[in-house]
Amino acid sequence: LLPDPSERAEVETLKRLQSQKGVQGSLVVNTEGIPAQSSTDNPTTTQHASLRHNLSWKTGSTTHETDPQNGLSFLRICSKKNEIMIAPDKDYFLMLIQNPTE
Amino acid sequence: MSWRSLTNSKTAPIASRPQSSALEAQGRRSRWSATAREGGAVAMATRARPWQLCSAGSAGAVALATSGAASAEGPGRPGQLQDETLGVASVPSQWRGVQGIRGKTKGCQTASIATAEACAQTQKHADAEVQTEAPVPAGVLPASQHDSPRLAAFLRRVEAIVIRELNKNWQSHAFDGFEVNWTEQQQTVTCLHTLGYPPAQGQGLHVTGVSWNTTGSVVACAYGRLDDGDWSTLRSFVCAWNLDRRSLNPRQPSVVVEVPSAVMSLAFHPTQPSHIAGGLYSGEVLVWDLSRPEDPLLWRTGLTDDTHTDPVYQVVWLPERRHSHRFQVLSVATDGKVLLWQGVGAGQLQLTRGFALVMQQLPRNTKLRKPHRGETEVGATAVAFSSFDPSLFVLGTEGGFPLKCSLAAEEAALTRMPASVPLRAPAQFTFSPHGGPVYSVSCSPFHRNLFLSAGTDGHVHLYSMLQAQPLTSLQLSHKYLFAVRWSPVRPLVFAAASGEGDVQLFDLQKSSQKPTVLIKQTQDESPVYCLEFNCQQTQLLAAGDAKGTVKVWQLSTEFTEQGPRETEDLDQLAAEVAI
């Protein structure tokens, strides 16, 4: 059962992103917060999906409300142990966990 | 004014009628009230001036005459009585001055209270039970349900920006050294509680072991003696204090268990908050249930062939292989045996697996001093299990060399000690020795290969499982070191208890040469024998000393919060292999 070309493309893109320096995990969720693709195990995935999705939505709507001409382009959360990159879009959110050590 | 100023004249003492005439002379006002009030005065006035009344009128004179005649008969004395004229006494009216006062009568009555009776009665009831269910993990939608082309298009759109950000992040120095404080910072180490049991302290017992229970609210200590001598018949105690109770009395433990022999070590059950295991000087292992104060003993090994023949220096709880919610007790003693016990039946601890350390069977990768003739057993004094591999453990020995051992070892031990299960030789690797017996070992909860050992030479050695020589050796004390423990939250912090009476806290990030904090537990330098971190309330550290007191220390915030990148620093430390 060969994966069709579009599926292969997205898998490849994700693989490319995962192989960047320091990336520990990746996650794609749709607008309702349901994970579409994930590289981590199930409990972590669901936790990240629901929690971070809410945060990204809130940030996006805050940006839009304070200035209707404006919108969220990228969200980066810097925590003690690692960094989370969130790229928002109208259909999906992409989240990457990176560990930037020198 | 005397009544007896009777006169001979016909004008005799007055009756009530002349009073009214006097009033008429004064003017007609409300007569009836005047009579009441001024009766006396008027009477006296008119009595005193009888001559005035004579001119009042004929009717008045007739009345006078008749009443006078009647009253003249009264006294019945013939008369030497004289006329007198007395002064007038008058009492001025008060009410006439205040004319505005009018009396009025009013009444009130509450409206009648309406009452009604009614009854209520439940006619039917239903029983219902509630039970929380284990949360069902939400599954990930299978990929086939997704709109794959749209997903691919999305990823293509964001790929470029994400990669750019990732690279920027990798090179960014924006957050170097940036630290945020979420909780209030505690700057110093303070002693929260000083706990002791006076009867045990009176007997001169030492605190030989402390343990926190699984909820982190109860601390238990074992009393025994750690110096030389035959203490096998000394009665001792296991005491527990519940630190969360408001009625905490530091001199009165919540539970006291009397034990027939000195207790050398103590360990709370990992999931049952009231079960606690203790190893005795006599070689027995006992398990108590502290929630039953009248009969706390749950299980005991008894004195069988299987039991240790030497004091049990450490006990730990291990999950069973197949049922990880049930636990067994592992005990190590200086007779060279490491035994695994299971509670069965009516209070009996049965041996399920056993290991024996024999000198000849120790791995020869490290050169050890030649054993004395006849000495074949290797006494074990401490044990620590790895947090990453549940069958891997490290033993501290009387010979001063830590041993890497495995529960899965199969080789039979060459020992003649009797046992109901075959004893195996567990040692796989021998580490380079200390200058004296090892009293404590501790495996790092953050790194799979690192462990600490401390012994009577006053040194702490940091070993990696991969090599025999220690990575680093620190001299902490000129006397013995009795306990060493890694911090459960900070990968680079450990605490050690010394024979000089202090607890030393080392932060390898700050300084690897001297302790970051030195806590003086005892004033007269009597040794601190044991210490344990509280895994639930990570700022608490309990330490027990030779004076029989347990002190609960509250650590400053720097010891309870992980700094940025500590795990990486620990990895780096482990990677510095000293060749």
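For B:Phe429, the amide hydrogen comes within under 5 Å of the amide hydrogens of B:Lys404, counting only partners 5 or more places away or on other chains and with H modelled in the peptide plane.
In order along the range B:502-509, the phi-based Karplus estimate (6.51 cos²θ - 1.76 cosθ + 1.60, θ = phi - 60°) of 3J(HN,Hα) comes to 10, 10, 10, 10, 10, 10, 5, 6 Hz; Gly and Pro are listed as x. Taking 0.36 nm per residue of separation and subtracting the current Cα-Cα distance, fully stretching the chain between B:Ser93 and B:Asp571 would add 160.7 nm.
In this structure, the pairs whose alpha-carbon distance is over 29 Å, taken from B:Lys367/B:Lys547; A:Lys80/B:Lys514; A:Lys81/B:Lys168, are B:Lys367/B:Lys547. Mean sequence separation of contacting Cα pairs (under 8 Å, at least six apart), scaled by the length of the range B:226-336, corresponds to a relative contact order of 19 percent.
When the inverse distances between all different Cα atoms of the range A:25-98 are averaged and flipped, the Kirkwood radius reads 12.5 angstrom. Within 10 Å of the Cβ of each residue in A:13-21, the mean number of Cβ atoms contributed by other protein chains is 4. Considering only alpha-carbon pairs that sit under 8 angstrom and 6 or more positions apart, the relative contact order computed for the range B:459-538 is 24 percent.
Averaging the sequence gap over all C-alpha pairs within less than 8 Å and six or more residues apart, then dividing by the number of residues, gives the range A:25-98 a relative contact order of 32 percent.
Applied to the range B:163-168, the Karplus parametrisation 6.51 cos²θ - 1.76 cosθ + 1.60 on θ = phi - 60° returns per-residue 3J(HN,Hα) values of 5, 5, 5, 4, 5, 4 Hz, with x for Gly and Pro. Decide, for the range B:447-579, between rounded, prolate and oblate: order the square roots of the alpha carbon gyration tensor eigenvalues as a ≥ b ≥ c, take rounded if a/c falls under 1.5, and otherwise choose prolate if a/b is larger than b/c, else oblate. Judged from the Cα gyration tensor, the range B:447-579 comes out oblate (a/c at least 1.5, b/c at or above a/b).
With R₀ set to 35 Å, the beta-carbon distance separating B:Ala160 from B:Thr188 gives a calculated FRET efficiency near 0.10. Potential lengthening of the chain between B:Arg321 and B:Thr309 amounts to 1.6 nm, from the contour at 0.36 nm per residue minus the alpha-carbon distance. In this label model, A:Glu12 and B:Ala118 are separated by 7.9 nm, measuring between points 7 Å along each Cα→Cβ vector.
Residues B:Tyr197, B:Tyr223, ordered by accessible area of protein heavy atoms at a 1.4 angstrom probe radius and largest first, appear as B:Tyr197, B:Tyr223. Spin-label model, B:Lys520/B:Thr132: points 7 Å from Cα along the beta carbon direction are separated by 4.8 nm. Sorting B:418-424, B:554-560 by their mean Cβ neighbour count within 10 Å, with the most densely packed peptide first, gives B:554-560, B:418-424.
Each residue was assigned an accessible area with a 1.4 Å probe, and for B:Glu410 the value is about 130 Å². Accessible surface buried at the A:B interface totals approximately 3600 Å², computed with a 1.4 Å probe on protein heavy atoms.
The values are calculated or read from the model by the stated rules, or taken from the named source; none is laboratory data. Quantities reported herein were computed from a predicted structural model and do not represent experimental measurements. Using ideal geometry, Cβ is built from the backbone for each residue, glycine included, and neighbour counts are taken over all protein chains shown. For the accessible areas, the whole protein counts, side chains as well, though only heavy atoms, and no ligand, DNA or RNA atoms are used. Shrake-Rupley method; radii C 1.70, N 1.55, O 1.52, S 1.80 Å.
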